[in-house]
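Note sheet for the following structure.
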Amino acid sequence: MMEQILVDGNEAVAWAAFESNVTFLSHYPGSPVNKIAPKLFELSKKFNSEIKFNDALNEHVATLSAQGASLCGARSLVVMKHVGMNIAADPLNYLGLTGVVGGMLIVVGTDPGASCSTGEEDPHWYIPQLNFPVFEPTSVREIFELTKKSYLLSEKYKLPCLMFIPASLCNNHSTISVSMSVSRTVDKLPANMFKKNFNLYVNVGTRSVINNKNLFEKIWKIAQENICAKSFFSKNSKIGIITRGATFGHVFESVERLGLYDLIHLLNYDLVFPLNKDDVLDFVSNKDEVIVIEDQGGFLENQIKNLLYNHANVKIYGKNYFPPYGEISFAMVYNFLQNYFSFTCSKNVADSNLKFEVPERLGVFCEGCPHRSSFFIIDKVLKEHASIGPSIIGGDIGCSSLPPQRADWLLCMNAGIGIAQGIVQLGTEQLVISTGGDGSFFHGGLISLISAVHNKLNLLHIVLDNEYIAMTGHQLSPTSKNSTKHVKLLKAVGVDHVLTTNAFRPKDYERKLEKLIKFSGVRVLWVKGKCAKMRSRKYKEVKSLVHPFINYKKCGKCTICYSELQCPAIVKKTGNTFSISLEQCQRCGVCKSICPNGAVSRKINTKDLFKVIFSNGQQ
Amino acid sequence: MKIKKNNINIIIAGIGGQGVGHLSRCLWTLVVRSGHNVHGSFVKGGAQSLGSIYSTMRIFVDKNIQYENYSHQILENDLDLLIALEPYESLRYKNFFNDETKIICSTNIVKPWVGPLENCLFEDPVAVLFSCGRDVIAKDFQALAIQKHNNVKAAGLEMMIIAMENNFIPYNAKEIKEIYWSSLKTF
Ligand code: SF4
Ligand code: SF4
């Protein structure tokens, strides 16, 4: 029985993968594609289908494990965000050479405009090196359809497929038609397991060159045999526009609204690599000008220019009109077309009477977040060491980077511990502390730390262990269930000094940090402190019985709790007086611990508190 | 040249934790159930809570329109309805207002954390909104939600009901209530 359901871009991938009989998913969570794995997991449970999930600790492992499954004949899905491709680049470069047995799709979430990432890196430039077919859907429904199609293409040519989905489409919604009864024809793992293939899988010496040659031939064949594109409006027009991904909708609607039907021939490529040369030649054959409108760098424009070089007499434009950075917006395309055709109709500009600036909300930690306390203490300790020059604090991406002003750099994962190594190796007198979350630590930080041990560096690293990969949807981390013994692990790899503290005990934290600063060698302060969003039910019950407040008589108006701890639950009143918003406060107790005047007190309903504490149930 | 428009453009804005995502998904569901088409986007940004969040919705009542070929974004000056759960967040979308734009805004102010730049805050953001000269319905919907449902997050629902009762969008308040409460756990 088919049913129309409302899904977002992530859910569309999951549904299509499920209906395509995918039996292996590996991923490293990252926005905007962080909801694919949970949705597929939900579907596998709902329909009682056997799917293996590999919650890999980085994208390198995610890719290789899916390759292993694919070589055993399973259809596999790998999910990562754009920057994850850097980590996966090494195995991705071999995937085309070995080829696949079971169909394999790598879904990469892109982020033009960096709406949910530290950077908007354009992953398209990997494509000519990897030589995989690449799909770019223009709508949620197309995500669903192209995901299915990619498995067929992957198995036909024994190559993995890539799909790039921008954040705007991942979070868009549409209806798709799915089967609510038996959606899959395969509910078991494949019976055919790994078959040896020396020539393909042992990629050394002359074989690696032969495999590379075969890969080029395959991609050429795919280009000859496949065109996946759609075209609209006037075929006879002298002006062509070519798009890929999200810019298609902006152009389509602009043409309709401006009534440019007769003036423009629009072509969108869904399969953006490899392109069929004859198809491109055919499109441009009667054109004077072709404008390629695409987000980020001019990947499509470059390809088209390469294909047409010496073959067509047509002007190709693109990045000379649209920037290679930021997201190309609907307004940019609409206004460009108005200008291009010199219309005098009302331009889409804002009302000039509304010229005020609205202050941006800077990133903040949630109320009760362990990282707030951490950075408060780190700042405090660093200030005390300021006499030896400005201290340096290396930051890491994830929740610990939410208030961006807290660290001296925020770049890729583990940039904190990595860059710090070069700085300390130069023997700076400055105090250098690198920070990183538990997710980052297991993603690549551990290797950086071992490298520091190997090079006998003088490095102080703080692991901010909130027990989850919180930023991307609270996926489990190796520390979530206390399954990783961090002290044993760090001692075993040769770290000189390891201390453990708790973010919600500022005094202990400060003492231990001071102690490690005095030591030399590789030092790690492991800071426990559960993410405020993942508190247990019991904690929440206790919360309602504890009412912190600021005692005005004791408050010295030093503003430390407000301006330095920066807890959003502490609200400024007139004349530098403060109060605690009980609705927002998470009862973490940090403001109480750090107030130098003892002005934060609590009213506690002791009778009920004991009842809750000693009742059975979740801790 | 005549500029054509065949859809209803809505922005729902607020800050993390106010239920913008849930409310948007409820309206999306209602639109689809009513036999119309909708697309748009939900933009959460990097922050976990207290960051600006918004969703855009473009509703196509005419089934024959190839809505999936349309942009998921809304053009400046082309907004029909703004539901803002916080006054600063209503002002953030001022460039999308046109003379006809309807605005429903909750007056409960959550000052943006701006660090030392406190003088960039407005003395009264609600007054600034009224000074924009648009059709504004403003009241403390959070207080209303607590009073009616003992649930501050239901503020968005109350605002949506107002939008429907005033015929800003062609849907039934009873149905949105039903979807909202029945989907609290599933969305
Ligand atoms: S989600 Fe958790 S770790 Fe992230 S900012 Fe909020 S409390 Fe902190
Ligand atoms: S007000 Fe104090 S106890 Fe409450 S969340 Fe903020 S720091 Fe923690």
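The values are calculated or read from the model by the stated rules, or taken from the named source; none is laboratory data. Owing to the predicted nature of the structure, the values given are computational and were not obtained by experimental measurement. Cβ: placed from backbone, ideal geometry, glycine included. Neighbour counts: every protein chain shown. The area values use the complete protein model at the heavy-atom level, side chains included, leaving out ligands, DNA and RNA. Shrake-Rupley method; radii C 1.70, N 1.55, O 1.52, S 1.80 Å.
Assorted remarks:
- The order of the peptides A:328-341, B:140-153 by mean Cβ neighbours within 10 Å, most packed first, is A:328-341, B:140-153.
- Global form of region B:1-106, assessed from the alpha-carbon gyration tensor, a/c cut-off 1.5: oblate
- Evaluated over region A:305-417, the Cα radius of gyration and Dmax, each in Å: 24.1, 69
- For the chain pair A and B, the interface hides roughly 5300 square angstrom of accessible area in total, found with a 1.4 Å probe.
- For region A:529-619: relative contact order, % (alpha-carbon pairs under 8 angstrom, 6 or more apart): 43 percent
- Ranking A:LEU263, A:LEU489, B:LEU75 by solvent-accessible area of protein heavy atoms (1.4 Å probe, all protein chains present), from largest to smallest, gives A:LEU263, A:LEU489, B:LEU75.
- In terms of the mean number of neighbouring beta-carbon atoms within 10 Å, the peptides A:22-32, A:473-483, B:15-25, A:304-314 order highest first as A:22-32, B:15-25, A:473-483, A:304-314.
- Surface accessible to a 1.4 Å probe, A:VAL209 within the full protein complex, Å²: 100 Å²
- Taking every residue in A:138-146 and counting other chain Cβ atoms within 10 Å of its Cβ, the average works out to 2.
- Only one residue of A:LEU476, A:LEU362, A:GLY103 has its Cα farthest out toward the positive end of the dipole of the protein assembly as shown, where Lys and Arg carry +1 and Asp and Glu -1 on Cβ, and that residue is A:LEU476.
- 20 Å-binned pair-distance histogram of the protein assembly as shown (Cα, whole percent): 14, 44, 35, 6, 0
- Dipole magnitude for chain A: computed about the Cα centre from +1 point charges on Lys and Arg Cβ and -1 point charges on Asp and Glu Cβ, it is near 2840 debye.
- A 1.4 Å probe, protein heavy atoms only, puts the accessible area of B:GLU178 near 110 Å².
- Contact order, relative form, for region A:218-364: 25 percent (alpha carbon pairs under 8 Å, 6 or more residues apart, mean separation divided by residue count).
- A 1.4 Å probe run over chain A, with the rest of the protein chains in place, finds 42 Å² accessible per residue.
- Convex hull of Cα atoms in region A:519-603, direction-averaged projection (nm²): 7.6 nm²
- Cα pair count fraction exceeding 19 Å, expressed as % - region B:80-187: 49 percent
- Taking a ≥ b ≥ c as the square roots of the eigenvalues of the alpha-carbon gyration tensor, region A:179-301 is classed oblate because a/c is 1.5 or more while a/b is no larger than b/c.
- Counting only DSSP beta bridges whose two residues both lie in region B:7-183, roughly 55 percent are antiparallel.
- Proximal aspartates and glutamates relative to A:LYS156, as straight alpha-carbon distance under 16 Å, when same-chain residues fewer than 8 apart are discounted: A:GLU217, A:GLU225
- Average beta carbon contacts from partner chains per residue of A:330-337, 10 Å cutoff: 4
- P(r) tail fraction, chain B - alpha-carbon pairs more than 28 Å apart, %: 21 percent
- Across every pair of non-identical alpha carbons in region A:472-619, the mean reciprocal distance, once inverted, gives a Kirkwood radius of 18.0 Å.
- Square roots of five times the Cα gyration tensor eigenvalues for region A:373-419, Å: 20, 13, 7
- Kirkwood Rh in Å, taken over all unlike Cα pairs in region A:1-109: 13.9 Å
- For region A:467-530: rounded, prolate or oblate by the Cα gyration tensor [a/c cutoff 1.5]: oblate
- Interface residues, region B:66-81 - accessible area loss of 40 Å² or more versus chain alone, probe 1.4 Å: B:GLU68, B:ASN69, B:TYR70, B:SER71, B:HIS72, B:GLN73, B:LEU75, B:GLU76, B:ASN77
- Residues A:TRP409, A:TRP220 ordered from highest to lowest accessible area at a 1.4 Å probe: A:TRP220, A:TRP409.
- Pairs of Lys residues in region B:7-183 that lie 8 or more places apart, or on two chains, and have C-alpha atoms under 16 angstrom apart add up to 7.
- Sorted largest first, the principal axis extents computed over the alpha-carbon atoms of region A:63-182 equal 40, 35, 21 Å.
- Ranked by how many other beta carbons lie within 10 Å on average, peptides A:430-438, A:247-255, A:295-303 from highest: A:247-255, A:430-438, A:295-303
- Mean separation of Cα pairs under 8 Å and 6 or more residues apart, divided by the residue count, gives chain A a relative contact order of 10 percent.
- When a 1.4 Å probe is rolled over the protein heavy atoms, the share of accessible surface on chain B that falls to carbon and sulfur comes to 50 percent.
- Among A:LYS156, A:LYS518, A:LYS554, the order of accessible area from largest down is A:LYS518, A:LYS156, A:LYS554, computed with a 1.4 Å probe on protein heavy atoms.
- Out of every Cα-Cα pair that region A:260-307 contains, those further apart than 13 angstrom amount to 60 percent.
- Counting only DSSP beta bridges whose two residues both lie in chain A, roughly 30 percent are antiparallel.
- Calculated [θ] (222 nm, deg cm²/dmol) that DSSP helices of n ≥ 4 give over chain A, each run adding -39,500 (n - 2.57): -10500 deg cm²/dmol
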